[in-house]
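Nothing in this text is a laboratory measurement; each read-out follows from the coordinates by a stated rule. Every value quoted in this text rests on a predicted model; they were computed, and no experiment measured them. Counting neighbours? That spans all protein chains shown, and the Cβs are built from the backbone with ideal geometry, glycine included.
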Amino acid sequence: MNNRITWLYNEFNQVGKDYSMPDEVAQYDARHADFRDVEQESIAVLDALGLGKNDVVIDFGSGTGTFAVQAALRCATVHAVDVSQAMLDNAKDKAEQAGVSNIAFHLGGFLTYEHDGPAVDCVVTTFAFHHLPDFWKGIALHRMNHMLKPGGRLFMHDAIIEENQAIENIAALIEKLASAGGNFLQEDAEAHFREEFSTYDWIMDGLLSRAGFVVESKNIQDGVLGTYYCRKQ
Ligand SMILES: C[S@@+](CC[C@H](N)C(=O)[O-])C[C@H]1O[C@@H](n2cnc3c(N)ncnc32)[C@H](O)[C@@H]1O
């Protein structure tokens, strides 16, 4: 797509937190450990998706690679896609330490990654889709749909907001994160809502449906953290 249009959204221009910076990447896992156990989350998602040894997965916004490594331990191949070379380097180190060699690392993103191989079984994206404005989320979802086999799965987890009590719920989340991780997490969360692109759940529902997905399960925790399990129609 990037070869065809000159006005493509520049997804390599990081908004909000700059994950192209090695210092930012180096502290990512420790900072996130204050409010989530990414390894356990990944295992739970893989269990829920029921992925196994023949399955091929694409992880968009793979970050430090925790999900990709867990997926690689039970799947055939994982494509870890990220716009940050520093993140990919960190993920490669993690894969090497875990002794997995079935992860293909790709410098690219939702709008620029070109999937060469056969259609895949599953696309996963966690805390990364909010880097795109909504119009481009729609384009990205169509692209993901084309990368999937018929009946293939999409898992998405991100800041996805219910309209009712939105401001109050966001304020409560920021307070909760401040208690868990002090100033760093508070500033991180505030910057997220100020500068990045959270989406109302009713918009996400429409974008998913128009891109050819059926939402099989949806949960918006505390009105602000969305988890979607979808299937390609
Ligand atoms: C908050 S981190 C999430 C990492 C990991 N998925 C997790 O759950 O911990 C967001 C990641 O998305 C990447 N990213 C930002 N914009 C992207 C895009 N347009 N396409 C793919 N990855 C992107 C960033 O470089 C960063 O590694």
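So what's the net charge close to residue 109: Lys and Arg +1, Asp and Glu -1, counting the other residues with Cβ under 13 Å from its Cβ? Write down the numbers at each step before the final one.
Working: positive: 137, 143; negative: 11, 59, 82, 114.
With Lys, Arg at +1 and Asp, Glu at -1, the neighbours total -2.
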For the range 155-233, what does the relative contact order come out to in percent, with C-alpha contacts under 8 Å and a separation of six or more? 46
Wrap a convex hull around the Cα atoms of the chain, take a quarter of its surface area, and give that in square nanometres. 11.9
Only loop residues by DSSP count here, and only those with at most 10 other Cβ atoms within 10 Å; note down the chymotrypsin sites (Phe, Trp or Tyr not before Pro) in the range 1-58 that meet that. 7
At residue 20 and residue 48, where each label point lies 7 Å from the Cα along Cα→Cβ, what is the point-to-point distance in nanometres? 3.3
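Give me the Kirkwood hydrodynamic radius of the range 1-112 in Å, from all C-alpha pairs, to one decimal place? Mind dumping the intermediate values first?
Working: mean 1/r = 0.0678 Å⁻¹.
After inverting the mean inverse Cα-Cα distance, the result is 14.7 Å.
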Take the range 148-233, drop everything but the C-alpha atoms, weight them equally and run the Debye formula without solvent; then report log10 I(q)/I(0) at 0.10, 0.17, 0.21 Å⁻¹ to two decimals. -0.29, -0.72, -0.94
Most exposed first, judged by fewest Cβ atoms within 10 angstrom, 36, 194 run 194, 36
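Restricting to Cα pairs below 8 Å that are 6+ residues apart, what does the relative contact order work out to for the range 52-199? Please round to a whole percent.
Values: 228 pairs, mean separation 31.4, N = 148.
Reported relative contact order: 21 percent.
Which order do peptides 98-108, 119-129, 140-150 fall in by mean Cβ count within 10 Å, highest first? Could you put the intermediate results ahead of the total?
Details: 98-108: 16.1, 119-129: 22.1, 140-150: 18.5.
Result, highest mean Cβ count within 10 Å first: 119-129, 140-150, 98-108.
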Name the lysines eligible as straight-distance cross-link partners of residue 92: C-alpha to C-alpha under 26 Å, and not fewer than 8 places from it in the same chain. 17, 53
Once amide H atoms are built 1.01 Å from N in the peptide plane, which residues 5 or more positions from residue 199, or in another chain, come under 5 Å H to H? 161
So who's got an amide H within less than 5 Å of the one on residue 122, skipping anything under 5 residues away but keeping other chains? H placed 1.01 Å off N, in plane. 56, 58, 153
How far is it, in nm, from the label point at residue 7 to the one at residue 27 when both lie 7 Å from their Cα along the line to the Cβ? 3.9
Across the range 159-165, in residue order, what do the Karplus-derived ³J(HN,Hα) couplings come to in whole Hz, using 6.51 cos²θ - 1.76 cosθ + 1.60 with θ = phi - 60° and x for Gly and Pro? 6, 10, 10, 6, 5, 5, 6
Kindly state, to the nearest 0.05, the FRET efficiency for residue 183 paired with residue 107, given R0 = 30 Å and r defined as their beta-carbon distance. 0.40
Anisotropy class of the range 71-111 from Cα gyration tensor, a/c 1.5 cut: oblate
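Where does the chain land at 222 nm, in deg cm²/dmol rounded to the nearest 500, when only DSSP H runs of n ≥ 4 count, each adding -39500 (n - 2.57), divided by all residues?
Per the formula, -13000 deg cm²/dmol.
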Can you list residues from other chains, or at least 5 along the same chain, whose modelled amide H is less than 5 Å from the amide H of residue 65? none
In 5 Å bins starting at zero, report the fraction of Cα pairs in the range 14-63 per bin as a rounded %. 4, 15, 19, 22, 16, 13, 9, 1
Simple spin-label model, 7 Å along Cα-to-Cβ: residue 233 to residue 171 in nm? 4.0
Relative contact order of the range 28-111, defined on C-alpha pairs under 8 angstrom at six or more residues apart (%): 27
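What does the charge add up to near residue 152, with Lys and Arg as +1, Asp and Glu as -1, over the other residues with Cβ less than 9 Å from its Cβ?
Numbers: positive: 149, 153, 231, 232; negative: 121.
Neighbourhood net charge equals +3.
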